[in-house]
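Presented below is the structure to which this report refers.
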Amino acid sequence: MRCGKTPELRKKLLNVKGIGRETADSILLYALGKRSFVIDAYTKRIFSRHRLMQEDGDYDDWKAVFEKALPRRVGLYNDFHAQIVRLAKEFCGTAARCHNCPLRQGINLPKDAKLF
């Protein structure tokens with residue numbers, strides 16, 4: 001599978017019963033080292049609370065925004081998503097703890113990232 005092209009692999013994964021878009025992208029990114037940004041509830045919660053995107057938006061629309069905004073590097077996708085998960089667990093849970101949120105200081109994206 002590592003030799004396959006990401007779009008084709010994603011289609012194949014999505015055809016497996018029980019594998020949805022988030023799971024397919026997680027397999028592609030974390031197991032196969034492919035450039036495929038993972039969108040999860042944490043990502044939607046954080047970015048919608050900061051009014052950067054609509055939480056109820058389509059998964060593939062969210063994915064496209066991140067993949068357009070971030071440099072297309074597997075390591076960056078992996079780290080960026082890991083930082084989102086950490087931020088959500090520490091500050092942006094279902095009960096927000098905004099007063100200590102590091103994003104109150106502004107979002108620090110990589111220098112070559114494009115803004116939303």
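The sole residue among 80, 47, 66 that is under 24 Å from residue 104 (Cα atoms) and in contact with a Phe, Trp or Tyr (Cβ under 6 Å, 6 or more places away or on another chain) is 66. Note on segment 76-98: residues that are part of a helix (DSSP H, G or I) and over 13 Å from residue 38 (Cα atoms) amount to 6. For segment 78-116, which residues satisfy the criterion of being surrounded by 14 or more Cβ atoms within 10 Å (Cβ to Cβ), under 18 Å from residue 45 (Cα atoms) and modelled with pLDDT of 85 or more? Hits for segment 78-116 are 80, 81, 84, 85, 87, 88, 91, 92. Kindly indicate whether residue 27 is touching a strand residue (DSSP E or B) at 6+ places or on another chain (Cβ under 7 Å) and surrounded by 18 or more Cβ atoms within 10 Å (Cβ to Cβ). Criteria not met by residue 27.
The values are calculated or read from the model by the stated rules, or taken from the named source; none is laboratory data. In this text the structure is predicted, and so the values were computed from the model without any measurement. When we count neighbours, we look across all protein chains shown, and the Cβ atoms used for this are built from the backbone with ideal geometry, even at glycine.
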